[in-house]
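Enquirer: I'd like to ask some things about the structure below.
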Amino acid sequence: MKRLYEPEAYDTSYWPESFWRASVEEVPEHPALEGDREAEVAIIGAGYTGLGAALELAERYGTEPVLLDAAQPGWGASGRNGGFACIGGSKLPDATVIERHGLDAAQEFHRFQRAAIDTVADNLDRYGIEADTHSEGELCLAHRPGGLAELRAEAETARRRYGLATEVLSRPELAERGMGAGTFHGGLITRAGFALNPMKYVLGLARAAGAAGVAIHGQSPVTAIRRDGARWRLETPGGTLRTGRVIVATNGYSSEDIPPALAGVVLPALSSILVTRPLEPAELQTAGWRSDMMAYDTRRLLHYFRLMPCGRFLFGTRGGLSAGPGAARQVRAMARRQFEAIFPGWAHVETPWFWSGLVALTGSLTPVLTAAPGTEGVILALGYHGNGVATGSHAGRVAAALAMGEDRRPALLRAAPRRFPLPRLRRTALRAAYAAYALRDGPVGA
Ligand SMILES: Cc1cc2nc3c(=O)[nH]c(=O)nc-3n(C[C@H](O)[C@H](O)[C@H](O)COP(=O)(O)OP(=O)(O)OC[C@H]3O[C@@H](n4cnc5c(N)ncnc54)[C@H](O)[C@@H]3O)c2cc1C
């Protein structure tokens with residue numbers, strides 16, 4: 001398996017420590033694949049995408065898919081994220097989408113993203129998953145004085161083009177609503193999406209998949225995909241799986257060669273999270289943040305944060321460049337500095353939890369949801385640009401339909417995956433992009 005980051009990022013021998021892992025009592029251990037097995041459809045990767053695909057295949061198409069994960073369900077980003085189930089998934093600017101594909105295609109893609117949020121809500125409801133949900137929509141906060149005018153224009157466009165319910169708040173209005181902490185100059189509320197405990201959600205999906213007849217195998221890394229007559233043979237250390245169709249749902253944890261058509265398609269990037277101890281009511285009052293609204297800022301290297309129902313504050317950052325030894329300490333220190341700069345009222349508050357995970361960027365800046373070129377019967381479902389709670393949950397179901405010959409994709413996601421130019425230099429390019437973003441964003445907390 002050829003991978004882009006240091007081996008530490010892919011060490012499946014233990015569960016990464018996180019507040020989410022500690023918030024659930026038990027994590028089921030699914031047995032490894034043993035011996036030689038057959039399946040109509042195989043899925044690689046047991047996060048939201050793979051589990052969504054498995055549920056769709058079992059419930060809608062009556063197949064009995066086999067799901068293989070190098071670790072266990074939820075070990076990847078699906079058990080580590082910020083829990084924002086919201087619109088997103090693409091980094092292609094709206095104006096570019098319209099210029100290249102037209103307004104109809106942009107609106108169709110927007111409906112896909114709204115449907116993705118509904119898929120998460122429906123999953124929670126249908127499978128009885130208790131996931132500590134909160135927040136009606138999300139808040140985008142202007143980090144520059146001029147940012148409020150830009151948010152006003154954005155709100156108007158979102159309303160007109162996509163029928164989104166939006167509300168723009170000045171700095172004093174933010175303070176009135178208990179969202180006045182920090183150094184922000186105003187905000188835009190978009191009434192779409194909600195927040196959840198990502199680990200409870202992914203484990204609930206795994207439970208539902210097991211109940212629907214999906215065979216889930218943990219500790220079963222697929223080390224090779226080979227042609228076997230008209231079928232495919234997936235090799236794992238404990239056994240092989242012969243199958244007619246394969247869905248690859250490995251996102252930020254993808255390998256360049258599983259399948260080889262993925263070479264140069266994905267650029268994994270680190271995202272990291274701090275979680276505070278429970279905050280005292282007086283601390284919420286003095287710092288000026290009492291709202292349960294999930295929020296992020298307008299920086300390119302954005303911060304995302306929310307006050308959780310348990311009274312702890314989650315604070316997420318982008319921007320780490322290495323998963324090697326010692327890197328976690330540096331990223332943690334950077335995240336802590338940024339937390340204190342943005343929320344000086346909580347500079348004394350301990351942040352006992354910190355962890356990181358990999359998200360996936362793609363050469364097209366849009367999710368990849370398509371047959372792998374030159375690899376008939378293999379479907380790629382990945383690349384959500386750090387926004388896969390909703391998008392991945394929904395894309396998995398759409399990928400399952402595609403595997404069964406039904407195309408429910410929006411036009412924007414029908415293109416073949418585009419490779420990054422100079423794929424060997426992807427991490428170098430990321431370093432340069434981060435430096436440029438940091439310059440453009442300006443100092444944190446200013
Ligand atoms: C810190 C952090 C914060 C984030 N915050 C948010 C957020 O608030 N909102 C949001 O929408 N998104 C967020 N994201 C992104 C989101 O978590 C991901 O987009 C989403 O979880 C992707 O789901 P997935 O199922 O496609 O992939 P993952 O959940 O990453 O699962 C991939 C799985 O593939 C398995 N795998 C890889 N290779 C192989 C192989 N060869 N054989 C077998 N198995 C293999 C891995 O073990 C892993 O379990 C965040 C991500 C991180 C890391």
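The values are calculated or read from the model by the stated rules, or taken from the named source; none is laboratory data. Just so it is clear, the model here is predicted, and its values are computed rather than measured. Note that each Cβ is placed from the backbone with ideal geometry, even for glycine, and that neighbours are counted across all protein chains shown.
Enquirer: If you take the residues in segment 412-446 that are in a helix (DSSP H, G or I) and under 25 Å from Leu55 (Cβ atoms), which one is nearest to the chain's Cα centre (by Cα)?
Expert: For segment 412-446, the residue satisfying everything is Leu413.
Enquirer: Among the numbered conditions (1) assigned to a loop (DSSP other than H, G, I, E, B); (2) within 16 Å of the ligand (Cβ to nearest atom); (3) more than 30 Å from Ser220 (Cα to Cα), tell me where Ala115 comes up short.
Expert: Unmet condition: (1).
Enquirer: Tell me the residue from Gln330, Gln338 that is exposed (fewer than 15 other Cβ atoms within 10 Å of the Cβ), within 22 Å of Ser18 (Cβ to Cβ) and not assigned by TED's automatic domain parsing to the domain that holds Gly252, please.
Expert: Criteria check complete, one pass: Gln330.
Enquirer: Sticking with this structure for a sec: Could you list, in sequence order, the residues of segment 5-25 that are over 25 Å from Ile225 (Cβ atoms), in a loop (DSSP other than H, G, I, E, B) and either within 23 Å of the chain's Cα centre (by Cα) or among the aliphatic types (A, V, I, L, M) (or both)?
Expert: Tyr14, Trp15, Pro16, Glu17, Ser18, Val24
Enquirer: Now for a different question. Please go through segment 213-234 and give me each residue that is in a loop (DSSP other than H, G, I, E, B) and either farther than 25 Å from Arg80 by Cβ or free of Cβ contacts under 8 Å to residues at least 40 places away in the same chain (or both), ordered by number.
Expert: Gly213, Gly229, Ala230
Enquirer: Taking Pro367 as the residue in question, decide whether it is in the same structural domain as Ser78 (by TED's automatic domain parsing), surrounded by fewer than 22 Cβ atoms within 10 Å (Cβ to Cβ), within 15 Å of the ligand (Cβ to nearest atom) and closer than 27 Å to Arg419 by Cβ.
Expert: No: the conditions fail for Pro367.
Enquirer: Same structure, new question: Mind checking which pairs have a first residue in segment 235-247 that is without any contact (Cβ under 8 Å) to a residue 12 or more places away in the chain and a second that is β-branched (Val, Ile, Thr), Cβ under 8 Å, 6 or more apart or different chains?
Expert: That search, which allows pairs on different chains as well, returns nothing.
Enquirer: Then there is this: Filter segment 127-156 down to the residues that are assigned to a helix (DSSP H, G or I) and free of Cβ contacts under 8 Å to residues at least 40 places away in the same chain, then identify the one that is farthest from the chain's Cα centre (by Cα).
Expert: The qualifying residue farthest from the chain's Cα centre (by Cα) is Ala149.
Enquirer: Considering only residues that are over 23 Å from Val66 (Cβ atoms) and within 11 Å of the ligand (Cβ to nearest atom), which ones fall in segment 20-34?
Expert: Once the filter is applied, which keeps residues that are over 23 Å from Val66 (Cβ atoms) and within 11 Å of the ligand (Cβ to nearest atom), segment 20-34 yields only Trp20.
Enquirer: Let me spell it out: the conditions are (1) in a loop (DSSP other than H, G, I, E, B); (2) more than 14 Å from the ligand (Cβ to nearest atom); (3) in contact with a Gly (Cβ under 7 Å, 6 or more places away or on another chain), and Ala71 meets all of them except one. Which number is the exception?
Expert: It fails just one condition, (2).
Enquirer: Based on this model, can you work out whether Gly83 counts as touching a Phe, Trp or Tyr at 6+ places or on another chain (Cβ under 9 Å) and on the phi > 0 side of the Ramachandran plot?
Expert: Judged against the criteria, Gly83 is a match.
Enquirer: Which residues, counting only those in segment 161-201, are assigned to a helix (DSSP H, G or I) and within 18 Å of Met308 (Cα to Cα)?
Expert: Once the filter is applied, which keeps residues that are assigned to a helix (DSSP H, G or I) and within 18 Å of Met308 (Cα to Cα), segment 161-201 yields Pro198, Met199, Lys200, Tyr201.
Enquirer: Further question: Which of the numbered conditions does Ala390 fail, given that it passes all the others? Conditions: (1) in contact with a strand residue (DSSP E or B) (Cβ under 9 Å, 6 or more places away or on another chain); (2) surrounded by 15 or more Cβ atoms within 10 Å (Cβ to Cβ); (3) assigned to a loop (DSSP other than H, G, I, E, B).
Expert: (3)
Enquirer: Only one of (1) at pLDDT below 95; (2) in contact with a strand residue (DSSP E or B) (Cβ under 8 Å, 6 or more places away or on another chain) is not met by Tyr296, so which one is it?
Expert: Failed condition: (1).
Enquirer: Only one of (1) within 14 Å of the ligand (Cβ to nearest atom); (2) in contact with a Pro (Cβ under 8 Å, 6 or more places away or on another chain) fails for Gly76. Which number is that?
Expert: That leaves (2) as the condition not met.
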